[in-house]
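Report on the following structure.
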Ligand code: NAD
């Protein structure tokens, strides 16, 4: 920690260097990767998101194939498309845009994606494989969080890591990755009693609760590495909506050793980890 406060964990810069490494890996292998994405319905925002994703992929050398299904698609239609992609030899990476139409069981569709093609890590088989230390595609936000912690060079073996938030797709996979690194892991949720007494002991603190400003300076051990996964829209100055994390940034910055900002932290790194999972899936023999 310096008098200027915590060192910023710059997710944007880290994601740019990750992307150039990925492009280089593909060049060196003389290969292109490919991501097959399923988008159901004609939601404008989702279509724009998919267009941006296609551009992001292209910049690294990943072809993007968008499979559009009509808004009226039912479970069988979506599941059928997933199974076709699972069976296609030239498809190595599959992702499913959300939300799915009302009445379609999202988790049931996700669990049909072949684990070795599941680049978002949403099939529960992949988290199971991660627990056993087997080769697996881990959810991108958890990978992003781990990359950012590793960037701080905090030795993880034996470190005390407290994760605030325990959802299946964010908090729990982060806990698994940190357990794999032989850290001492404490998983907290909204029922945790006296949260501050736990967070104050953390060498590594991950905030992934979806509660703006939840983590304040008094809750942070001086010098700790703090990664803010939260993405919350709140009214800012003049009533304009702004994006903030779960950490009271200016407050915590005075105490922490390292701190990731929102925006510009875990968000861009999560995108980079999706690209990395695609490249891993493409280059896997
Ligand atoms: P979720 O609502 O599914 O889970 C929230 C978890 O936090 C639960 O385990 C809940 O018990 C816990 N929690 C809620 N309030 C708490 C409190 N006061 N104290 C302690 N624990 C509390 O949310 P999620 O999908 O895991 O997402 C969490 C946050 O991460 C959200 O802000 C979301 O937008 C963000 N997110 C970011 C990325 C990214 O790429 N950066 C990706 C996914 C989610």
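The values are calculated or read from the model by the stated rules, or taken from the named source; none is laboratory data. All values reported here derive from a predicted model rather than from experimental measurement. Positions of Cβ are generated from backbone atoms using ideal geometry, with glycine treated the same way; all protein chains shown enter the neighbour counts.
Taken over segment 210-233, the residue count meeting the criterion of being in contact (Cβ under 8 Å) with a residue 12 or more places away in the chain and within 11 Å of the ligand (Cβ to nearest atom) is 13.
For the residues 125, 166, 130, 142, the requirement of being touching a helix residue (DSSP H, G or I) at 6+ places or on another chain (Cβ under 9 Å), in a helix (DSSP H, G or I) and within 13 Å of the ligand (Cβ to nearest atom) singles out 142. Each residue in segment 169-188 was checked for being outside any helix (DSSP H, G or I) and away from the ligand (no atom under 15 Å from the Cβ), and 4 pass. Per the conditions (1) surrounded by fewer than 23 Cβ atoms within 10 Å (Cβ to Cβ); (2) part of a helix (DSSP H, G or I); (3) under 19 Å from the mean Cα position of the chain (by Cα); (4) without any contact (Cβ under 8 Å) to a residue 60 or more places away in the chain, the sole criterion not satisfied by residue 196 is (3).
Those residues that are within 15 Å of residue 82 (Cβ to Cβ) and away from the ligand (no atom under 16 Å from the Cβ), I need them from segment 102-122; list them, please. Residues satisfying the conditions are 104, 105, 108, 109, 111, 112, 113, 114, 115, 116, 117, 118. Restricting attention to segment 254-280, report how many residues are more than 14 Å from the ligand (Cβ to nearest atom) and surrounded by fewer than 21 Cβ atoms within 10 Å (Cβ to Cβ). Counting residues in segment 254-280 that are more than 14 Å from the ligand (Cβ to nearest atom) and surrounded by fewer than 21 Cβ atoms within 10 Å (Cβ to Cβ) gives 4.
Residues in segment 97-122 that are assigned to a loop (DSSP other than H, G, I, E, B) and surrounded by 15 or more Cβ atoms within 10 Å (Cβ to Cβ): 97, 100, 101, 104, 111, 112, 113, 114, 119, 120, 121, 122. When 186, 94 are screened for being touching a helix residue (DSSP H, G or I) at 6+ places or on another chain (Cβ under 8 Å), buried (at least 22 other Cβ atoms within 10 Å of the Cβ) and modelled with pLDDT of 95 or more, only 94 passes.
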